[in-house]
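A quick write-up on the structure given underneath.
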Amino acid sequence: MKKILASLCTIFLFSNIVTSAKAEINFLIGTWAEEPLTPFVEAFEKETGIEVNIQTFPFRDLLATIEVRGNAQADDVDVIFVDAPLVPSYAVRGMIGPMDQYFADTSVNAIFAPAGIAAASWNGEMYAPPLNNSGQLTYYNKDLLAKAGCAEPSMIEAERVTWEEIVDCAKKITDEANGIHGFIFDQISRYYQLQALPESAGGGSGVCEGGLSVKGCLTNDGWMKAGQFYYDIHNTSNISPKGVGPDQTHELFGLGKIGIFVGGSWNNGRWADTDLNYGVALHPYFEGGKVVTGCNSWHIGVWNYSKQKDDAAKLVRYLTASPEVAIHYVEEHNSLPAHNSAILHVAEDPKFNNFPGIVMNLATYESANHCATRGRTPGFLEFEEIVNTSFEDIRNGGDPASVLADAESRIESSMRRYK
Amino acid sequence: MNFFKRQWMVPYLFLAPALIGTIAFKLYPIFIGFWESLIYTSFSGGAEKRIFVWFENYQYLFDDKIFWKSLEITAFLTIIINPLQIAMSLGLALLLMRKSKFIRIIRSLYLLPIGIALPIATIIWGLMLDPNQGLINGLIGFFGIPPQPFLVSENQALWCIIAIATWKGVAFWMLFLLAGLEDIPKQYYEAAEIDGATPFQKFRYVTIPQLKRTILFVFVADTAANFVLMVPMIILTKGGPLQSTNVLIYEGYRSGFYYQDWGRSLSIITILTVITLIVIGLQLLFLSEKNEGIKVK
Amino acid sequence: MIMHFKRQWSVYLWYLVIFIGLIITILPFWWGVAASFKSNSDIFRDLAPINIRAFLPGFSLESYFAIFENDFGRSMLNTFFVSITSVAGGLLINSMAGFAFAQFRFKGDNIIFGFVLLSFAVPADAIAIPLFKMMRQIGWFDTFYALIIPMLANGLIIFLYRQFFLGIPKELIEAARVDGLSWFGVFWRICLPLSVPVTLGAGLLLFVFQWESYLWPLIAAPSPELHLIQVTLGRFSTEYEMVWNQQFAASSIAGFLPLVFIYMFQKQFVSALTGVEQK
């Protein structure tokens, strides 16, 4: 027994020494990106002779790991995944560095779509170029809509559906006794998706000009209207269920329990193996308001404490600027492109003109024309967390005006650090 | 005491390995954490500045109504959950002392929750407590009770968390109490029976005094564990609805890991640690017996 | 006759209470196991609205195959290695410290004991960052050392042993000393053998600490070769969704193993019981 234990110890401790002996670029990414990126990272290794060690983390853990390593100013990280709205936060805290010099020989505007560049930049410098993008659409259950006698929402800009129309239809669909609700948001109670409400009502992103304050920007008429709307759909008309988390919404829609589902382009193909009879349309807006959808996705940046910044930057450029990577993402992973040639590819390939491929086409259109980049502030981490919990509080019956006022003062006080 | 020339060294030698580990990997990081709670990090003008501000972070907390609300919820949770769990564990342990053909299998089944990690238990309970279609609402509907909002209600969420933590915790603490009960010599009960003691008297005058040391341990350990209970908040409620489950440990956790405000986070953690120490100290003071160990000088 | 009836009645009541308690205890576990044999959409189909199918296992083994492709086996092995080393090392050093606190009064004992209390009053996640920096400085970052060694000394276990050793009659120890046994001999030959149930409890505590630890292994040992079970469990979710059935499959297996440990534990309890009866 002792011998077995001793040899086990040796194996374990030894395997560990072997892995830490190599010198290479450490690349921190999300678990979901390992499969799409690995072939390209291998191609990069072959082409440049630079070795890349991919470390993968689930979403929340990725952010936590980046924070912990940043806090320790660790030099064993070289390239990181950056969630688009966190660019200012990482930039201001010196965790990622500007990258314009590595793109000096080319035109960034020629490679990336404008929304991607906007999200990648802070104070006029580009920090983390975009890997991909996202968009929001309206998915609807054709059978439930027909049963309720609603008109199907449209794919044509001139006939874009309004929130008011959605609520009217959803009321007719909702049948709580049988567990059927007229409407649900995909990423329920998350700022990413709900930002479109106050933006459409003219309330802006919630962050004031300059990104260092929220005073008056979370409690303006647009936000109040959005808050009241969110309150009503969960507490007055009850067209949307409480208690369901963002992990479960698409399952409910897939089971035919939801009439209208406003959600991300990544849902394309998700319900292929169900017998759901569904259609897709443009994102809703408030009647008389602005047309706005959520957008942006993951970016890649060079870790500021890295000792191999040049090699790291080569990897970043290889992955973000190659059309092949972007097109592969579109074709294989239903991920919207931020790269101009992949956007062109979506526009030209005929398979994106028919259902369900048209999801990609519509979402690309929405993202190109109506993208509302999330609030630009170095305090985004706390901003988002507090806004998300506030939406959840409103959903659960909190008074919108006082919840938003509370959120505003909390965020304002935590932003004192950046002023 | 002349058995050993350097008698005074003996206890320290016994202590040394654990003490070195405690100092290096617990006390030193605690000290660093406390030190960091006195520092204010500013990013104004785009550069990181670390300023030593004495107790300013604490002062800031004391002006913050979220902190006070959080403190209130922590106090409420502590007062409810610890006695509840101890009483239930003790009750269950007593129930499981009865002789039965199936006692071993019954005991094993009752210990199931120990094997389920808290995050997964939380996810399962979250689905069962779903306000629309959840199992629990289905069950209470059977008795004619209308569906309850549970985790999405300001008034019920904390109770749901208490239920989840108790489901997980009772089995664990029961195990220690069961071991303690098994340790009580049967003669004591026989003697009490001869004196004509009722079951309650036996419980009061034999079980409780004999179990005192075990109960003290379970009480202290359970209290410490519940002060840092935050997995259900992270997974299910995010401290809501309307901050009704925002206990100090969760507020500290999110101030650090979500808001990146380490000064605030570590101030909260320091305060929580002090509170925990005081509560544990009081428990020891009132429940501990005198230690008549061998004096060495 | 009446006595007999009364006795019967109390037995039935006992069974009723035990049965209700068992249902509450087992139901969530049962549901999780049943769900692990289903596809994700079936899990939700059976929940909305809730019906009896939710508690019948499905027939799909897909989730079990998937988790083992996801390196679940490796993380199980790692967790076993880490848990067993921690239990062995932790039991030894903490029981020694508990012995010192219970058997001796020495200079600074109260202060040192106060520090022991402090060490378990502070939340583990709160010291993760300073500890992380320390691991980097001494070169233990991303090694098994970081997972095991900082977790060995445990104030709670010291306290548990102290409580138990306090109950050992002083006469027993003095007699052994008179017989010429060294202090270590007293500890090793007299006190430890008496403390089988408490050692099992302490072992379970240490085991569960490692079995459930998440944040520390995540930040201290991120390499896939070092992943512990909860870290792997956390990976059964993607950016946009949770892979429910894989979560349940992995936790069914992960939950089963401590149960084996507990079942062994049970046997020990029974022998402890008979030991007392023979006294």
- Between residue C:237 and residues 5 or more places away or on another chain, which pairs have amide H atoms under 5 Å apart, with H built 1.01 Å from N, and which residues are they? C:243
- Starting from region B:128-206, pick out the chymotrypsin sites (Phe, Trp or Tyr not before Pro) whose DSSP state is loop and whose Cβ has at most 13 other Cβ atoms within 10 Å. B:143
- Enter the mean number of other protein chain beta carbons within 10 Å of the beta carbon of each residue in B:239-250, as an integer. 4
- Query: Where does helix A:380-395 land angle-wise versus the long Cα axis of chain A, in degrees 0 to 90, nearest 10?
  - Reply: 30 degrees
- Query: Any idea what log10 I(q)/I(0) is at q = 0.15, 0.20, 0.23 Å⁻¹ for region A:310-380, Debye with uniform C-alpha scatterers and no solvent?
  - Reply: -0.59, -0.87, -0.99
- Message: Quick check: net charge around residue C:63, other residues with Cβ under 12 Å of its Cβ, Lys/Arg +1 and Asp/Glu -1?
- Response: -2
- Highest mean first, what order results for A:306-319, C:113-126 on Cβ atoms within 10 Å? C:113-126, A:306-319
- Note on the structure: Among GluC sites (Glu not before Pro) in region B:44-134, those in a DSSP loop whose Cβ has at most 16 other Cβ atoms within 10 Å are B:48
- Message: Please list, in order along region B:242-258, the HN-Hα scalar couplings obtained from phi with the Karplus expression 6.51 cos²θ - 1.76 cosθ + 1.60 (θ = phi - 60°), rounded to whole Hz, x for Gly and Pro.
- Response: 6, 6, 6, 10, 7, 6, 4, 4, 6, 4, x, 4, 6, 4, x, 6, 9
- Convex hull volume of chain B per residue (C-alpha atoms, cubic angstrom): 218 Å³
- Task: Could you work out the Rg to Rh ratio of chain C, with Rh taken as the Kirkwood radius (inverse of the mean 1/r over all Cα pairs)?
- Result: 1.06
- Message: What do you get for chymotrypsin sites (Phe, Trp or Tyr not before Pro) in region C:7-84 restricted to DSSP loop and a cutoff of at most 10 other Cβ within 10 Å of the site's Cβ?
- Response: C:59
- Rule-of-thumb check for chain A: C-alpha Rg over 2.2 N^0.38 Å? 1.04
- Mind pulling up the Rg/Rh value for the protein assembly as shown? Radius of gyration and Kirkwood radius, both on Cα. 0.99
- Query: So, counting K/R as plus one and D/E as minus one, what does the shell of residues with Cβ under 12 Å around residue C:127 add up to?
  - Reply: 0
- Query: Using θ = phi - 60° and the Karplus form 6.51 cos²θ - 1.76 cosθ + 1.60, what ³J(HN,Hα) does each residue of region B:156-167 get, whole Hz, x for Gly and Pro?
  - Reply: 10, 4, 5, 5, 5, 5, 4, 5, 5, 5, 6, 3
- Intensity falloff of region B:57-212 expressed as log10 I(q)/I(0), Debye formula with alpha-carbon point scatterers, at q = 0.11 Å⁻¹: -0.66
- Item | region A:112-134 versus region C:61-87: alpha-carbon centroid distance in Å | 40 Å
- Which residues qualify? For residue A:134, with a placed amide H closer than 5 Å and at least 5 residues away or on another chain, they are A:296, A:297
- Task: For region A:168-214 and region A:244-313, write down the distance between their C-alpha centroids in whole Å.
- Result: 14 Å
- In order through region A:323-333: 3J(HN,Hα) via Karplus (6.51 cos²θ - 1.76 cosθ + 1.60), integer Hz, x for Gly, Pro: x, 4, 4, 5, 5, 4, 4, 5, 5, 9, 10
- If amide H atoms are modeled at 1.01 Å from N in the peptide plane, then the residues at a separation of 5 or more from residue A:202, or on another chain, having amide H under 5 Å from its own are A:290
- For residues of A:71-79, the mean tally of beta carbons on other chains within 10 Å: 3
- Inter-chain Cβ neighbour average for residues B:157-167, partner chain, 10 Å: 1
- Determine the sum of side-chain charges near residue A:288: Lys and Arg each +1, Asp and Glu each -1, restricted to other residues whose C-beta is under 12 angstrom from that of residue A:288. 0
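Since every read-out is calculated from the coordinates, none of them should be taken as a lab result. All figures in this text were calculated on a predicted structure; none of them were measured in a lab. Cβ atoms come from the backbone with ideal geometry, glycine included; neighbour counts cover every protein chain shown.
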